[in-house]
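Here is the structure we will look at.
The values are calculated or read from the model by the stated rules, or taken from the named source; none is laboratory data. Because the structure is a prediction, the values reported are computed rather than measured. Because the Cβ atoms are built from the backbone with ideal geometry, glycine has one as well, and the counts that use them run over all protein chains shown. Protein only, heavy atoms only, side chains kept; ligands, DNA and RNA dropped before computing areas. Shrake-Rupley method; radii C 1.70, N 1.55, O 1.52, S 1.80 Å.
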Amino acid sequence: MEKFRIEDITKENIKDLCLICIPPEKIGHPAFITGMEEKRKWATKMLQEWGKFAKLSYRESTAVGLIQYKPVPQERVIYIYCIFVPEKAQWQKGIATQLLSNLIADMKKPKLWFDNKPALALVTRTFAGEKTGQFSARLFFKKMGFKQVGEDPDFLYYPLVEGFIYQPSEKENEYIPQDEDKGKALLFHGPSYCPFSYFFLKITEQTIKEIAPGISTRWIDSSQEPEEVRKRGNIEGCVVNTKPIKSFVLDKEDFQKEVTEALKYFKNKIK
């Protein structure tokens, strides 16, 4: 296995973290320009709040892989947002394995976040997004020893203390319906760990308009309209006619089905 240099994120290499996921041909794309700016805001805030929140793997001076995470002090666990090696030429070289192994070793040490105790576990929720021929995140984490939480095959944890069984204490944010949202599509964005988030929301908007050409859409920026996000339960992603859409837009059949179901009572109004 080839050895790569692994570095924690600092002010000096935040730019590398924001650029690594963007395909070179998309650097000038408006959606990705916005996505990179939203990731820069997220990364800057995470660095100020936690100190450590991500690691990059380098081959000489080039960043080739990343892992992003946050401490959850009330549960004494580390939540992994994602692990990603974008370029096919770097696949199957052990980059993701080395990044995860480095994080595991790091989090077995005492941390100020946890009253000078080590983390009890690493926790993650995987999602589809791998490129053709790339190992899926779910299969990777399971291969590395992660266990399933409950009945959700994408909700996984890795115990750092022998015998520890993870039981989540926090409930997911639930959307609080607003009368003004009826018959509309809402798209929530803002500082994000993934520069693709804004790009996928643009695809989401386009797909919804293909299903319902006359629908009114509203973009809500969490950094500009925090109260609008809070009063809706700090929900993320997309809401259609007061129904949160859980399917990923690239899962086209499921996404279209959910949106159509959410809109069925308003079809006559938006034609």
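Descriptive notes on the structure:
- Annotation for segment 105-165 versus segment 51-86: alpha-carbon center distance of 12 Å.
- Its DSSP H runs of at least 4 residues, each contributing -39,500 (n - 2.57), put the calculated 222 nm mean residue ellipticity of the chain at -9000 deg cm²/dmol, to the nearest 500.
- For the chain, the relative contact order works out to 16 percent when only alpha carbon pairs closer than 8 Å and six or more residues apart are counted.
- Against the main long axis of the alpha-carbon atoms of the chain, helix 95-107 sits at an angle near 70°.
- Averaged per residue, the chain has 56 square angstrom of accessible surface, using a 1.4 angstrom probe with ligands and nucleic acids left out.
- Crossing angle, helix 30-50 versus the chain [Cα axis fit, 0-90 degrees, rounded to tens]: 50 degrees
- Set of segment 27-49 residues, backbone N closer than 19 Å to the point 7 Å along the Cα-Cβ line of residue 225: 34-35, 38
- By accessible area, using a 1.4 Å probe on protein heavy atoms only, segment 182-271 has 48% of its surface on carbon and sulfur.
- Stokes-Einstein diffusion for segment 180-267 at 4 °C, viscosity 1.567 mPa s, with a Kirkwood radius from C-alpha pairs, works out to 99 µm²/s.
- In this label model, residue 234 and residue 91 are separated by 3.6 nm, measuring between points 7 Å along each Cα→Cβ vector.
- Inter-label distance, nm, simple model (7 Å from Cα along the C-beta direction), residue 253/residue 48: 4.6 nm
- Per-peptide packing, taken as the mean over residues of other Cβ atoms within 10 Å, places 119-132, 73-86, 203-216 in the sequence 73-86, 119-132, 203-216 from highest down.
- Identified option (computed Cα Rg over 2.2 N^0.38 Å; candidates (i) 1.31; (ii) 1.06; (iii) 1.20): (ii)
- Helix 252-263 axis versus longest C-alpha principal axis of the chain: approximately 40°, rounded to the nearest ten.
- Distance between the modelled labels on residue 174 and residue 151, one decimal in nanometres: 1.7 nm (7 Å Cα→Cβ projection).
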